[in-house]
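S.K.: I am attaching a structure below and will ask some questions about it afterwards.
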Amino acid sequence: MIENSSLWVVSDVDGTLMDHSYDLTPAKETIKFLQKLSIPVILCTSKTAAEVKVIRKQLNLTDPYIVENGAAIYGESLKKVNGEIILGEKYEILENILRSISNEINYDLQPLNNISDQQATELTGLKGYALELMRDRHWSMPFLNPPETMEEEIKISCKKFNVEIFRGNRMSHMLSINSNKGKAINALKQYSNNSNIQIIGLGDSPNDLPLLLNSDYKIVIPSPNGPNLNLLEKLKDYKYTLASYPNGFGWKSEINKLINKLVLSKQ
Ligand SMILES: [Mg+2]
């Protein structure tokens, strides 16, 4: 139960807990070890609830999970709120906003859900049923990365519509300004009514910035080609740890080190 634990692991999934071939093996053992210590592992991802359900099952996780980049939190144990906390705006509304922004900037921003199966597979590596799970989206709007040179213009337009855009490694996400990964962590903290929670946060890309800024221990996970430099630039005024290994291997090694320091050395 998250309410009874004063240490939480909050982790991004893609590129952090697993690599882009979706391998969870390196993290599995560490998750078991955390469960033995009753430390919750809260997945915090841009993925949909439908996608995370599959991963939770593979990892035997029962803790609450944050989906769609912080737009919604679900979990059987969130009994006081009937299993869900919604921070985001409805997909249909976000779709209209994306269209309005496209008109303003004179560039057609493409929702991820509108591209063909083949294009989606090329972009995400997902196929068949996994694509259906990815498209089961309710509270956020992923879209194809526009040219980086348009970023400023898009940002200005977003302000008018009370939305924010996070550029990921493979796609961008539009969210209501009331939702992001950090806001979701705070909502979950508030729900748990425990003011002494320490958070180990792990992420790999700029959409994890709110997650890391709301974590007491900030861990950046590199890809096999190195860390996301944009994220490191945004973190330069903060204390953070760059994992020594990529993806799940970095995840495993940094968590083990921290748990040894924070928990086991004190027992
Ligand atoms: Mg990621």
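Just so you know, all these numbers are worked out from the coordinates, no wet-lab data involved. All figures in this text were calculated on a predicted structure; none of them were measured in a lab. Virtual Cβ from ideal backbone geometry, glycine too; neighbours counted across all protein chains shown.
S.K.: Can you run phi through the Karplus equation (6.51, -1.76, 1.60; θ = phi - 60°) for segment 115-127 and list ³J(HN,Hα) in whole Hz, with x for Gly and Pro?
M.R.: Computed from phi, the couplings for segment 115-127 are 8, 5, 3, 4, 4, 5, 5, 4, 6, 10, x, 8, 9 Hz.
S.K.: All other residues with a Cβ under 12 Å from the Cβ of Leu98 taken together, and with Lys, Arg as +1 and Asp, Glu as -1, what is their net charge?
M.R.: Numbers: positive: Arg99; negative: Glu89, Glu92, Glu95, Glu104, Asp108.
Around Leu98, the surrounding residues sum to -4.
S.K.: Find the Rg to Rh ratio for the chain, where Rh is the Kirkwood radius over alpha-carbon pairs and Rg uses the same atoms.
M.R.: Working: Rg = 17.9 Å, Rh = 18.8 Å.
Reported Rg/Rh (Cα atoms, Kirkwood Rh): 0.95.
S.K.: What FRET efficiency comes out for Ile115 versus Lys57 if R0 is 22 angstrom and r is the Cβ-Cβ distance? Round to the nearest 0.05. Numbers along the way, then the final one.
M.R.: Values: r = 28 Å, r/R0 = 1.26.
About 0.20, to the nearest 0.05.
S.K.: Moving on. Cα atoms only, segment 146-202: Rg and Dmax in Å?
M.R.: For segment 146-202, the Cα-based Rg and Dmax read 15.0, 44 Å.
S.K.: If each residue's Cβ is checked for other Cβ atoms within 10 Å, how do Cys44, Cys158 rank with the fewest at the top? Mind dumping the intermediate values first?
M.R.: Numbers: Cys44 33, Cys158 18.
If I rank by nearby Cβ atoms, fewest first, I get Cys158, Cys44.
S.K.: Follow-up question, since we're still on this one. Could you tell me what percent of the DSSP beta bridges with both partners in the chain are antiparallel, to the nearest 5?
M.R.: Values: 16 of 32 bridges.
Expressed as a percentage, antiparallel bridges in the chain total about 50.
S.K.: Ile156: net charge of surrounding residues, Cβ under 14 Å, Lys/Arg +1, Asp/Glu -1, itself excluded? Spell out each step's value before the answer.
M.R.: Working: positive: Lys155, Lys159, Lys160; negative: Glu104, Glu151, Glu152, Glu153, Glu164.
Local net charge: -2.
S.K.: Would you pull out the residues with amide H under 5 Å of Gln110's amide H, same chain only if 5 or more places away, H placed 1.01 Å from N?
M.R.: Under 5 Å from the amide H of Gln110 lie the amide H atoms of Leu144, each far enough along the sequence or on another chain.
S.K.: Cross-link candidates for Lys80: which lysines have Cα within less than 17 Å, leaving aside residues fewer than 8 places away along the same chain?
M.R.: Straight-line reach from Lys80, under 17 Å: Lys189.
S.K.: Too long at a 32 Å Cα-Cα cut-off: which of Lys239/Lys266; Lys159/Lys252; Lys127/Lys159; Lys57/Lys234?
M.R.: Numbers: Lys239/Lys266 23 Å; Lys159/Lys252 39 Å; Lys127/Lys159 35 Å; Lys57/Lys234 34 Å.
Listed pairs above 32 Å: Lys159/Lys252; Lys127/Lys159; Lys57/Lys234.
S.K.: At q = 0.14 Å⁻¹, what log₁₀ I(q)/I(0) does segment 91-176 have when each alpha carbon counts as one equal point scatterer in the Debye sum?
M.R.: For segment 91-176 at q = 0.14 Å⁻¹, log10 I(q)/I(0) is -0.46.
S.K.: Got a sec? How would Ser116, Ser5 order by Cβ neighbour count within 10 Å, fewest to most?
M.R.: Working: Ser116 8, Ser5 18.
In increasing order of surrounding Cβ atoms, one gets Ser116, Ser5.
S.K.: In whole Hz, with x marking every Gly and Pro, tabulate ³J(HN,Hα) for segment 246-254 from phi via Karplus 6.51 cos²θ - 1.76 cosθ + 1.60, θ = phi - 60°.
M.R.: Calculated HN-Hα couplings, in order: x, 6, x, 6, x, 4, 4, 5, 5 Hz.
S.K.: Under 15 Å from the Cβ of Lys80, count the other residues' Cβ atoms, weight Lys and Arg +1, Asp and Glu -1, and hand me the total. Don't skip to the answer; put the middle values down first.
M.R.: Details: positive: Lys79, Lys189; negative: Glu3, Glu76, Glu84.
Result for the neighbourhood of Lys80: -1.
S.K.: Is the shape of segment 138-261 rounded, prolate or oblate, going by the alpha carbon gyration tensor and its root eigenvalues a ≥ b ≥ c, with a/c under 1.5 for rounded and a/b larger than b/c for prolate?
M.R.: Numbers: a/c = 2.30, a/b = 1.31, b/c = 1.75.
It is oblate, given that a/c is not under 1.5 and a/b is not larger than b/c.
S.K.: Return the sequence-ordered ³J(HN,Hα) values of segment 86-91 in whole Hz as given by the Karplus equation 6.51 cos²θ - 1.76 cosθ + 1.60 applied to θ = phi - 60°, using x for Gly and Pro.
M.R.: Result, rounded to whole Hz: 9, 10, x, 9, 4, 3.
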